[in-house]
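A.B. asks: Sharing a structure with you now.
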Amino acid sequence: MRSSVTLSTLALVTAAIACGDAHDHAHQSSSGLRKRLYPQAPLTQPTRPLEWGDLNIIHTTDTHGWLLGHQHLSYPEPNYSGDLGDFASFVKHMKDIAVEKDVDLLLIDSGDLHDGTGLSDGFPAGGIDAHDTNQFLKQLPYDIMAIGNHELYDYINTWDMHTNFAPALNGRYLSSNANITIFDENNNTVSVPVGNRYRKFTTRKGRRITSLGVLFDFTGNDVNTTVQPVADMVKEQWFTEAIAEEPDVFVLAGHMPVSYDNWPTVFNAIRAVHAETPIIILGGHTHIRDCNQPDGRSMALESGRYMETIGWLSAKLGNSSESNRNITFSRRYLDQNRVTYEYHSQQRNSSFDTTEGQNITKGLQELSDKYELSTLFGYAPQDYTISRNPYPSNGSSLSLFISEAAPYSLTFNNTRKNITNFMITNSGSQRFDIYAGTFDKNDQIAASPFLDAFVYIKNVQLGVAQQVLSALNTAGADERRKRDLGSVLQQREAEMWKRGYVDRRYMEWLDEMDRRHDGAVKRASQNLTIGYVTSDSCPGVGDDTLHAPLASYDIPDFIGSDAPSVSNDTLIDFVFVDFIQTQLLEIMNEVQNATTYTDSDVESYTNVLSNQVLGLYAQHAWN
């Protein structure tokens with residue numbers, strides 16, 4: 001959505017919460033560890049206490065390595081400035097409150113621990129993605145953790161989860177429909193679950209729980225890993241046996257969105273056997289805040305991404321004599337910061353940190369130092385966003401990447417730098433916004449993490465290259481071609497979804513949020529910081545803290561560098577990422593018929609990978 005009022009008009013006036021003991025400096029504890037500084041940006045306090053039930057759940061999903069939180073001061077980043085140590089302290093305090101209230105509290109994660117920040121991805125040569133960060137997650141008292149698709153892109157990562165992570169969780173890491181092929185004790189290959197198919201356990205209050213850990217119908221997994229379609233999984237004998245005995249509650253965790261996917265397949269299979277047993281679903285994958293109720297005795301919750309959101313779900317189950325009545329559920333989306341945590345755990349800044357939490361924070365900071373994540377490339381002069389600024393524009397990170405950074409970084413020390421070129425890439429290659437101030441190794445990985453190579457086709461007419469970009473975005477073609485290419489792109493979109501790409505779903509959610517709340521006009525009229533403003537299918541207000549909505553502009557699926565000042569028939573180097581090569585060649589042969597292009601026409605353009613482009617540019621332009 002395009003809005004006429006800029007973010008600069010937003011008044012960042014908010015309820016600044018002061019340090020609980022009237023100081024904003026670091027405090028020394030008896031253990032010798034230093035307490036965290038209180039958030040250095042004003043943060044809004046939650047609107048109301050959480051609703052507790054008989055069974056309560058704290059939920060995380062799609063953390064993607066963001067375990068040190070969001071460290072920049074441009075909003076909305078301060079909303080998510082807590083780290084895993086803060087979260088661990090929060091969980092400990094909430095567990096204590098649950099004991100005082102004499103209720104159950106579970107901690108559940110729905111997958112995708114890999115791929116996203118320098119902590120997970122910035123390991124030295126010879127390391128394994130997220131192996132080191134997973135050591136800290138093991139320290140939290142998770143009752144269930146489910147596998148995500150990012151645990152399956154590389155066999156070595158899956159093997160690490162099977163060999164090192166799952167055993168440490170002792171049956172609590174679930175992969176109901178995801179297997180890994182390994183050698184057994186007789187040196188024969190066998191396909192086994194990465195974790196466990198399901199878990200049955202009893203809570204502190206004696207409630208019997210049956211849990212699954214289900215992955216959506218993912219097809220982008222590496223060789224020697226398998227993902228069984230959900231529709232086939234529910235026909236398996238082990239599934240029938242797992243759900244045969246009625247528990248007090250089914251708690252289904254899984255890396256699958258709670259809307260527009262296959263949870264109904266699992267839900268209906270259970271309902272066919274147990275018509276009234278409470279069912280709680282904790283989903284993930286699309287990076288959004290979402291909730292729905294399949295029936296009066298169930299609730300499905302999805303809790304965002306990147307340690308921005310912590311989900312809360314409670315259920316007032318009653319007793320067995322009330323098994324045919326609707327259950328009273330509540331859900332809440334918590335901003336991940338110390339103001340939120342201290343408010344709900346009823347702590348002050350001087351009492352909030354636990355020793356375990358401090359040790360996790362300290363260990364993560366030491367890991368950051370080990371990976372040299374603070375290596376500075378330069379100082380970004382302003383914020384650059386993926387969709388909160390229009391493309392093209394000075395504030396667009398897509399414009400920054402393809403119009404400024406790529407033309408410099410890809411031609412630096414390149415023998416073809418003096419040959420006129422035109423470059424394109426997919427906009428999904430940019431994964432996170434860039435914020436004003438220091439731009440370091442961690443920021444580079446977060447903003448553009450993918451290891452795509454740049455290739456080219458020589459002697460392509462500029463006009464043809466530009467037609468390819470237009471056709472990839474389904475613009476500028478005649479109606480027949482537009483229909484044909486649209487079909488190709490729809491198929492490609494479906495294929496991309498199965499391979500795990502969620503950018504389009506997340507962007508549509510942001511756009512709907514902006515339109516629903518009148519965009520920048522609303523932002524300019526409220527004394528609220530920007531953030532998520534959630535509308536879902538569950539009753540009541542889900543957001544824990546009130547915000548004004550983020551701006552959202554339509555962005556194309558593919559972006560191109562500025563057109564060179566030459567005629568359309570000039571022969572140029574047509575440069576693109578190898579990730580889109582198959583699709584690009586197909587489109588290229590649609591928009592012209594003078595030449596039939598194949599893979600043999602494609603050559604390597606540079607040794608610089610896509611995740612290095614911004615760092616090289618920052619060293620050049622931001623110093």
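The values are calculated or read from the model by the stated rules, or taken from the named source; none is laboratory data. Keep in mind it's a predicted model, so treat the numbers as computed, not measured. All Cβ positions, even for glycine, are placed from backbone atoms using ideal geometry, and neighbour counts span all protein chains on display.
A.B. asks: With respect to Asp104, determine if the residue is more than 27 Å from the chain's Cα centre (by Cα), modelled with pLDDT of 90 or more and either within 27 Å of Leu137 (Cβ to Cβ) or among the hydrophobic types (A, V, I, L, M, F, W, C) (or both).
C.D. replies: In short, yes.
A.B. asks: Here's a check for you: in the stretch 120-179, which residue that is out of contact with any Gly (no Cβ under 8 Å at 6 or more places or on another chain) and acidic (Asp, Glu) is nearest to Trp238 (Cα to Cα)?
C.D. replies: By that ranking, first place goes to Asp143.
A.B. asks: How many residues are among the β-branched types (Val, Ile, Thr), within 20 Å of Gln619 (Cα to Cα) and surrounded by 22 or more Cβ atoms within 10 Å (Cβ to Cβ) when one looks only at the stretch 438-457?
C.D. replies: Qualifying residue count, the stretch 438-457: 1.
A.B. asks: Right, another one. Looking at (1) within 30 Å of Ser120 (Cα to Cα); (2) modelled with pLDDT under 55, which is the one condition that is false for Arg2?
C.D. replies: Tallying (1) within 30 Å of Ser120 (Cα to Cα); (2) modelled with pLDDT under 55, Arg2 fails exactly one: (1).
A.B. asks: Among the residues of the stretch 173-189, which ones are surrounded by 14 or more Cβ atoms within 10 Å (Cβ to Cβ) and not aliphatic (A, V, I, L, M)?
C.D. replies: Tyr173, Ser175, Ser176, Asn177, Asn179, Thr181
A.B. asks: To continue, here is another question. For Thr425, work out the one condition from (1) surrounded by 24 or more Cβ atoms within 10 Å (Cβ to Cβ); (2) over 19 Å from Asp601 (Cβ atoms) it doesn't fulfil.
C.D. replies: Of the numbered conditions (1) surrounded by 24 or more Cβ atoms within 10 Å (Cβ to Cβ); (2) over 19 Å from Asp601 (Cβ atoms), the odd one out for Thr425 is (2).
A.B. asks: Continuing with the same structure: So, in the stretch 127-172, exactly how many residues are surrounded by fewer than 22 Cβ atoms within 10 Å (Cβ to Cβ), touching a helix residue (DSSP H, G or I) at 6+ places or on another chain (Cβ under 6 Å) and among the aliphatic types (A, V, I, L, M)?
C.D. replies: 2
A.B. asks: Counting only residues that are farther than 23 Å from Tyr501 by Cα, part of a helix (DSSP H, G or I) and not polar (S, T, N, Q), how many does the stretch 161-179 have?
C.D. replies: Adding up the residues that qualify gives 6.
A.B. asks: Next question, about the same structure. Being over 11 Å from Tyr456 (Cα atoms), of a type in the set (Phe, Trp, Tyr) and either at pLDDT below 95 or part of a strand (DSSP E or B) (or both) is the filter here, so list the residues in the stretch 566-623 that pass it.
C.D. replies: Phe579 - this is the single residue of the stretch 566-623 that is over 11 Å from Tyr456 (Cα atoms), of a type in the set (Phe, Trp, Tyr) and either at pLDDT below 95 or part of a strand (DSSP E or B) (or both).
A.B. asks: Filter the stretch 393-414 for residues that are touching a residue at least 24 places away in the same chain (Cβ under 8 Å), in a loop (DSSP other than H, G, I, E, B) and in contact with a helix residue (DSSP H, G or I) (Cβ under 9 Å, 6 or more places away or on another chain) and give the result.
C.D. replies: Answer for the stretch 393-414, where residues must be touching a residue at least 24 places away in the same chain (Cβ under 8 Å), in a loop (DSSP other than H, G, I, E, B) and in contact with a helix residue (DSSP H, G or I) (Cβ under 9 Å, 6 or more places away or on another chain): Leu410, Phe412.
A.B. asks: Here is a further query. Need the failing condition index for Gly53 against (1) assigned to a loop (DSSP other than H, G, I, E, B); (2) farther than 27 Å from Asp440 by Cβ; (3) within 27 Å of the chain's Cα centre (by Cα); (4) at pLDDT 50 or above, just the number.
C.D. replies: For Gly53, the failing item is (3).
A.B. asks: Taking the condition of being of a type in the set (D, E, K, R), touching a Phe, Trp or Tyr at 6+ places or on another chain (Cβ under 7 Å) and not in a loop (DSSP other than H, G, I, E, B), how many residues in the stretch 280-322 meet it?
C.D. replies: 1
A.B. asks: Quick check on Asp562: is it over 18 Å from Pro407 (Cβ atoms) and either assigned by TED's automatic domain parsing to the domain that holds Gly437 or within 22 Å of the chain's Cα centre (by Cα) (or both)?
C.D. replies: So Asp562 does not fit the description; no.
A.B. asks: Based on what the data block shows, is Thr277 outside any loop (DSSP other than H, G, I, E, B) and either surrounded by fewer than 22 Cβ atoms within 10 Å (Cβ to Cβ) or without any contact (Cβ under 8 Å) to a residue 12 or more places away in the chain (or both)?
C.D. replies: Judged against the criteria, Thr277 is not a match.
A.B. asks: Next question. For the stretch 417-459, what are the residues that are basic (Lys, Arg) and either under 16 Å from Ser397 (Cβ atoms) or under 25 Å from the mean Cα position of the chain (by Cα) (or both)?
C.D. replies: Arg431, Lys441
A.B. asks: For the stretch 495-528, which residues satisfy the criterion of being within 19 Å of Gln581 (Cβ to Cβ) and either modelled with pLDDT under 75 or of a type outside the set (D, E, K, R) (or both)?
C.D. replies: If the condition is that a residue be within 19 Å of Gln581 (Cβ to Cβ) and either modelled with pLDDT under 75 or of a type outside the set (D, E, K, R) (or both), then Met496, Gly500, Tyr501 are the ones that fit.
A.B. asks: Here's a follow-up. Test each condition in (1) surrounded by fewer than 17 Cβ atoms within 10 Å (Cβ to Cβ); (2) in contact with a strand residue (DSSP E or B) (Cβ under 9 Å, 6 or more places away or on another chain) for Asp232 and report the one that comes out false.
C.D. replies: Of (1) surrounded by fewer than 17 Cβ atoms within 10 Å (Cβ to Cβ); (2) in contact with a strand residue (DSSP E or B) (Cβ under 9 Å, 6 or more places away or on another chain), only one is false for Asp232: (2).
A.B. asks: Here's a follow-up. Just checking, which of Asn349, Asn324 is modelled with pLDDT under 95 and more than 30 Å from Pro549 (Cα to Cα)?
C.D. replies: Asn324
A.B. asks: Taking the stretch 249-291 on its own, how many of its residues are in contact with a strand residue (DSSP E or B) (Cβ under 6 Å, 6 or more places away or on another chain) and acidic (Asp, Glu)?
C.D. replies: Qualifying residue count for the region: 1.
A.B. asks: Kindly indicate the residue of the stretch 288-322 that is in contact with a Pro (Cβ under 9 Å, 6 or more places away or on another chain) and farther than 18 Å from Gly53 by Cα and also surrounded by the fewest Cβ atoms within 10 Å (Cβ to Cβ) among those meeting that condition.
C.D. replies: Pro294
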